[in-house]
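The values are calculated or read from the model by the stated rules, or taken from the named source; none is laboratory data. Everything numeric in this text was worked out from a predicted model, so none of it was measured. Positions of Cβ are generated from backbone atoms using ideal geometry, with glycine treated the same way; all protein chains shown enter the neighbour counts. Note: accessible area is taken over every heavy atom of the protein model, side chains too, but ligands, DNA and RNA are not part of it. Shrake-Rupley method; radii C 1.70, N 1.55, O 1.52, S 1.80 Å.
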Protein chains: 6
Amino acid sequence: MTFTVTVRDHMMIAHSLAGESFGPAQQLHGATFVVDASFAATDLDADGVVVDIGRVTAALAEITGSLTYRNLDEDPRFAGRNTTTEVLCKVIADRLAEQVTSGALAPGQQFQSITVTLHESHIAWASYTRAP
Amino acid sequence: MTFTVTVRDHMMIAHSLAGESFGPAQQLHGATFVVDASFAATDLDADGVVVDIGRVTAALAEITGSLTYRNLDEDPRFAGRNTTTEVLCKVIADRLAEQVTSGALAPGQQFQSITVTLHESHIAWASYTRAP
Amino acid sequence: MTFTVTVRDHMMIAHSLAGESFGPAQQLHGATFVVDASFAATDLDADGVVVDIGRVTAALAEITGSLTYRNLDEDPRFAGRNTTTEVLCKVIADRLAEQVTSGALAPGQQFQSITVTLHESHIAWASYTRAP
Amino acid sequence: MTFTVTVRDHMMIAHSLAGESFGPAQQLHGATFVVDASFAATDLDADGVVVDIGRVTAALAEITGSLTYRNLDEDPRFAGRNTTTEVLCKVIADRLAEQVTSGALAPGQQFQSITVTLHESHIAWASYTRAP
Amino acid sequence: MTFTVTVRDHMMIAHSLAGESFGPAQQLHGATFVVDASFAATDLDADGVVVDIGRVTAALAEITGSLTYRNLDEDPRFAGRNTTTEVLCKVIADRLAEQVTSGALAPGQQFQSITVTLHESHIAWASYTRAP
Amino acid sequence: MTFTVTVRDHMMIAHSLAGESFGPAQQLHGATFVVDASFAATDLDADGVVVDIGRVTAALAEITGSLTYRNLDEDPRFAGRNTTTEVLCKVIADRLAEQVTSGALAPGQQFQSITVTLHESHIAWASYTRAP
């Protein structure tokens, strides 16, 4: 028995990817990532929701806002790391999990998992699921 | 090893949500819910399907038909309860499960789970997964 | 030769529709309208855009914000009128046109037309196109 | 902790389905299947990906290329079997798994599962998930 | 000043296409066509709609119902003609126009045009627009 | 009376936009553009199509291939110009028109117009329509 709630946002970044297998994506290019953040829980809270959708939307917007309109190659947070779609899923999921742990996001709610999906185009996407 | 089959329908309802965290959604407003009902099973039946898609479509349409074009605030089935997206997912999944249990939907098939997802907009959706 | 730019928002309203042809939609129900506002122009401005996308997004959000989370049956702006999908397209397009006329939205730009599309479900939508 | 990556392709086939429950689909008809192939893994490789997206895209295209623009009723690979959406999900997932096992697709990567989803229309889809 | 209303349905057909430029599509294969039927008018009727959405949905369903689950190569209505996506758009639009002309669909309404769009996959679609 | 056919592709680019109104988009960032190229004609050719979909797909892929995985700020083709979504629509439409004029794309076919739409996210897109 699992409930989930998911909200969508997006971000538009430049980056390059190191590694021969990336072919032309080794060059500086960019992506729009349509970002879906999903929270799973066994039970609903007293209001009948997994988590307040307004708070989740704001939390996700703060995270995408710290990434969007940037060249991730020059962002010290990603020094020495490829900012692949998969890696960025984990970055966003980890930050959401921090807000859960700190009680900022949904005090009192016990989540089963957090999933973040990034759509890089109409034909490719990635996701990362973790414990909260 | 899991097979799933999913069918989509929709319903258009009015409601209000009690609780300060809902902000303006405490007012009477409404929603189109695009409803996805998903059935999971380990094995296919003799015809090579999880469940007859015509029967599932009809079963889902009967349930959405009992909810659509209504003000859920005045529906005795929901007295004293918030009809959040999550709650409505459970309502629909539970009714589908009843039809499975009664043998009306897919006699002989053993399902692993039933999942119902309600899309309330292009940027928010919820789901509920349960045993059949 | 025509350029267009389109932005998307949404609103969630309750209403009923008067007239036998509406069948069960004569009852109080609701809808999520996914709203696309589109501006057409022959030429781009000095920045290379039809209209500043930030301003258009804000203008549309202000309009949808004045409609969402409401029961339109009790809104004096719609007294005696059906708030069909088509009518609401016109309401939103007319307000956008007012902002163009007043110079609030895109001073100096000559638009060919404004189109507003409202998606009421995954299987039905309506639009309204007018001169600016 | 699970990462996934998914790529999309499509195929356009003719077939008929044996069994009274299929109704008019017992006649020769056809379908466009939009095909999503998804790979799940606990860890990313040294490049920061679940699997090289170029290789996965090519592997999927080879499989859909062997099925598309055909009448599956006359394909000896499916003699005596219904080519339902569910069955075709399994056929494609099994072929992807063979490429994983042979080391052709992602040598060194340990997958948790492979999921193939086929969308037969805007209102119906099926999937199959298996160990790699 | 133009209002439009659009409804969506689908059909699943087998066919082959004669002509070298079609390459492998010269073989018997199939397609799911997601069908959008759109009606444009300058004015709304007394109820505030372009056309009764229930009637349009029923009219479209009758037409797609006469085409779906068939092998169009054996349909005498298409003898000697390629049933390309474009041709099928015209077939459906022409039948909708007949219903307008006969007064069956929207007696009293003056349409500007009828447009039918067929999506043959997530990456290709066609449309046909005609006077009513 | 107009037929259209549309094909979809995508490209992933880095760029920055000069002009105060762009706000944070003045920084180097990026975008996935999902690209729809549409051709309109009054009549179908002898095969029953607006234009050979294989040729159009190849023509579009060649153009997106010359733009994708690049930093457009360093591309001499765009020196001194903002590569806004609108501008890129025109660039792609103009190149498609050149191929029509040269007879490379659809010798003998008379097009009414070419439209190119670029989707920069799930909530914003632009288009450009021109004579062929």
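Label-point spacing for E:HIS122 across the identical copies (point 7 Å from Cα in the Cβ direction), in nm and ascending order: 0.9, 1.3, 1.3, 1.5, 1.7. Across the stretch C:17-26, computed HN-Hα scalar couplings (Karplus, 6.51 cos²θ - 1.76 cosθ + 1.60, θ = phi - 60°) run 10, 8, x, 4, 5, 7, x, x, 6, 6 Hz from first to last residue, x flagging Gly and Pro. Going out from 0 in 20 Å bins, what whole percent of all Cα-Cα distances in the protein assembly as shown drops into each bin? Once binned at 20 Å, the Cα pair distances of the protein assembly as shown give 15, 51, 33, 1. Calculate the spin-label point distance for E:GLU62 paired with B:GLU62, positioning each point 7 Å from the Cα along the beta-carbon direction, and give it in nanometres. Computed distance between label sites B:GLU62 and E:GLU62 equals 2.8 nm.
Between B:HIS122 and B:ALA46, the simple spin-label model (points 7 angstrom out along Cα→Cβ) gives 4.7 nm. Distances from A:GLN110 to itself in the other copies, using label points 7 Å out along the Cα-Cβ axis, amount to 2.9, 2.9, 6.8, 6.8, 7.4 nm in increasing order. In the assembled protein chains, A:LYS90 presents an accessible area of approximately 70 Å² (probe radius 1.4 Å). Copy D relates to copy C by a rotation, and the D residue whose beta-carbon is nearest that axis, with the distance in whole angstrom, is D:HIS122, 3. Within the stretch A:28-47, the residues that become at least 40 Å² less accessible when every protein chain is included than when their own chain is isolated (1.4 Å probe; DNA, RNA and ligands ignored) are A:LEU28, A:HIS29, A:GLY30, A:THR32, A:ASP47. The residues of the stretch C:3-130 expose, per residue, 37 Å² of accessible area to a 1.4 Å probe. Other protein chain C-beta atoms within 10 Å of residue C-beta, averaged over E:74-82: 1.
For the peptide C:48-61, the mean number of other protein chain Cβ atoms found within 10 angstrom of a residue's Cβ is 4.
Between 0 and 90 degrees, rounded to the nearest ten: what's the tilt of helix A:53-65 against the longest Cα principal axis of chain A? Helix A:53-65 sits roughly 20 degrees off the main axis of chain A.
When the charge dipole of chain C is built from unit charges on Cβ atoms (+1 for Lys and Arg, -1 for Asp and Glu) and taken about the Cα centre, the candidate among C:PRO76, C:PHE3, C:GLY19 whose Cα reaches farthest toward its positive end is C:GLY19. Computed from Cα atoms, the angle from the helix A:85-101 axis to the main principal axis of chain A rounds to 30 degrees.
Spin-label model, F:GLN27 to C:ALA131: label points 7 Å out along the Cα-to-beta-carbon direction sit 4.4 nm apart.
At a threshold of 30 Å², the residues of the stretch D:118-132 that become less accessible to a 1.4 Å probe in the full protein assembly than in their chain on its own are D:GLU120, D:SER121, D:HIS122, D:ILE123, D:TRP125, D:SER127, D:TYR128, D:THR129. What the Cα convex hull of chain B gives, in volume per residue, is 113 Å³. Label points for D:MET1 are taken 7 Å from Cα along Cα→Cβ. From this copy to the others they lie 3.1, 3.1, 5.7, 6.3, 6.5 nm apart, shortest first. Chains D and E together bury roughly 1800 Å² of accessible surface, counting both sides and using a 1.4 Å probe on protein heavy atoms.
Taking only protein heavy atoms and a 1.4 Å probe, the accessible area of the stretch E:79-132 is 50% carbon and sulfur.
Once all protein chains are placed together, D:MET1 keeps about 120 Å² accessible to a 1.4 angstrom probe.
Computed log10 I(q)/I(0) for the stretch C:1-55 at 0.17, 0.31 Å⁻¹: -0.67, -1.14, from the Debye equation with unit scatterers placed on every C-alpha and solvent omitted.
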